[in-house]
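The values are calculated or read from the model by the stated rules, or taken from the named source; none is laboratory data. It should be emphasised that the depicted structure is a prediction, and the values quoted were computed from it without experimental measurement. Glycine also receives a Cβ, built like all others from the backbone with ideal geometry; neighbour counts cover every protein chain displayed. Ligands, DNA and RNA are stripped out before the accessible areas are found, and what is left, the full protein with its side chains, is counted by its heavy atoms. Shrake-Rupley method; radii C 1.70, N 1.55, O 1.52, S 1.80 Å.
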Amino acid sequence: MRDNLKIFTASCDVSVKEALKMIDINKKGFLVIVNNNDVVLGTLTDGDVRRAFLKGASVDDRIEGLYTRNSKCLTQSDGIPQATEMFKSESIKFLPVVDEQNRLLNIITKNQMHALLLQDIHANLGYDFMSLDEGIVDYEIFQRPWGFYKTTVMNDYFQSKVISVNPKSQLSLQSHNHREEHWIVAHGVGTVQLDLSVIEVHCGSSIFIPKGTRHRLTNTDEKESLIITEVQIGDYFGEDDIIRYEDIYGRI
């Protein structure tokens, strides 16, 4: 077993208190229960412990009678497509990977699977899934003076966002040196300035913004938000690749 998997495993004779401490350390919400030969006996989740407490279990009880036996696993001969298919089940959040003797070889979580696919990483079930940045799956919403945006995907090839502009609000006049942008209006009406041209847009409008082009998005509606999807293609997607020329919020 890999060293970085040990914090996700426990023997069946540990106490509930010990198991909870281990779950708190690994931050994944589960443990794979193994014997001395790393054979998988089952799994224990924080939900299993919570349900046990509701039935009267104490922190000093052993987890022997609490963990789920015969839990779903992948074998080393399975591939990523099989894992993807199994993760379609809402109840499956992680999967141990085992050999022919049911010994633990690896673990993959649903978030890790999504991160693998979104970054176009070609891997088999021997990949070090714990090395993946799962943050790519769950980017936060970022507030701005004009509204907010949420990054939905970011990898080495592209970044995509949902951008919502408040009524009668406006982004800065800006350009980018390292990326081009493709906008599709999903809701609302407004205008897009491209260098010296101003284009009226509405639901279904699509706009291409080449690298280096000065551009600005304005919501012209009094009540409704202007919502667009944005796909960025280039070699760098950092927020510091924004050159501002005009901004009604004083951010130049």
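Which of the residues that make up the stretch 214-236 are open to solvent by less than 20 Å² (accessible area, probe 1.4 Å) and closer than 10 Å to His176 by Cβ?
The answer is His215, Gln232.
Could you check the stretch 237-247 and list, in sequence order, the residues that are aromatic (Phe, Trp, Tyr) and at pLDDT below 95? Steps first, please.
Within the stretch 237-247, the first condition is being aromatic (Phe, Trp, Tyr), and the residues that meet it are 237, 245.
Within the stretch 237-247, Phe237 is the sole residue that qualifies.
Of everything in the stretch 17-27 that's charged (D, E, K, R) and at pLDDT 95 or above, which residue is nearest to Lys93 (Cα to Cα)?
Restricting to residues being charged (D, E, K, R) and at pLDDT 95 or above, the top hit is Asp24.
Looking at the stretch 113-164 only, could you name the residues that are open to solvent by less than 60 Å² (accessible area, probe 1.4 Å), in contact with an Asp or Glu (Cβ under 9 Å, 6 or more places away or on another chain) and either under 17 Å from Lys93 (Cα atoms) or part of a loop (DSSP other than H, G, I, E, B) (or both)?
Within the stretch 113-164, Ala115, Gln119, Leu125, Asn155 meet the criteria.
Please enumerate the residues belonging to the stretch 176-185 that are within 9 Å of Pro210 (Cα to Cα) and assigned to a strand (DSSP E or B).
Just the residues of the stretch 176-185 that are within 9 Å of Pro210 (Cα to Cα), to begin with: 176, 179-182.
Listed by number, the residues that qualify are Arg179, Glu180, Glu181, His182.
I'm trying to understand the selection: among the residues of the stretch 72-91, which are surrounded by 12 or more Cβ atoms within 10 Å (Cβ to Cβ) and either among the aromatic types (Phe, Trp, Tyr) or outside any loop (DSSP other than H, G, I, E, B) (or both)?
Hits for the stretch 72-91 are Leu74, Thr75, Ile80, Gln82, Ala83, Thr84, Met86, Phe87.
Taking the stretch 202-243 as the region of interest, how many residues are over 21 Å from Val162 (Cβ atoms) and touching a Lys or Arg at 6+ places or on another chain (Cβ under 6 Å)?
0
Select from the stretch 59-71 the residues that are in contact with a helix residue (DSSP H, G or I) (Cβ under 7 Å, 6 or more places away or on another chain) and either assigned to a loop (DSSP other than H, G, I, E, B) or open to solvent by 100 Å² or more (accessible area, probe 1.4 Å) (or both) and list them in ascending order. Steps first, answer last, please.
Looking only at the stretch 59-71, we keep the residues that are in contact with a helix residue (DSSP H, G or I) (Cβ under 7 Å, 6 or more places away or on another chain), and these are 59-61, 63, 66-68.
Within the stretch 59-71, Val59, Asp60, Asp61, Leu66, Tyr67 meet the criteria.
State all residues of the stretch 1-45 that are touching a residue at least 24 places away in the same chain (Cβ under 8 Å), loosely packed, with under 15 Cβ neighbours inside 10 Å and in a helix (DSSP H, G or I); if no residue qualifies, say none.
Of everything in the stretch 1-45, those that are touching a residue at least 24 places away in the same chain (Cβ under 8 Å), loosely packed, with under 15 Cβ neighbours inside 10 Å and in a helix (DSSP H, G or I) turn out to be Asn4, Lys17.
State the number of residues belonging to the stretch 55-102 that are closer than 28 Å to Ala123 by Cβ, among the hydrophobic types (A, V, I, L, M, F, W, C) and touching a residue at least 24 places away in the same chain (Cβ under 8 Å).
Here is the first cut: in the stretch 55-102, the ones closer than 28 Å to Ala123 by Cβ are 68, 70-102.
Remaining after also requiring among the hydrophobic types (A, V, I, L, M, F, W, C): 73-74, 80, 83, 86-87, 92, 94-95, 97-98.
Those left that are additionally touching a residue at least 24 places away in the same chain (Cβ under 8 Å): 73-74, 80, 83, 87, 94, 97-98.
Final tally of qualifying residues: 8.
Scan the stretch 92-112 and give yes if some residue there is farther than 21 Å from Ala19 by Cβ, open to solvent by less than 50 Å² (accessible area, probe 1.4 Å) and among the hydroxyl-bearing types (Ser, Thr, Tyr), otherwise no.
Within the stretch 92-112, not a single residue is farther than 21 Å from Ala19 by Cβ, open to solvent by less than 50 Å² (accessible area, probe 1.4 Å) and among the hydroxyl-bearing types (Ser, Thr, Tyr).
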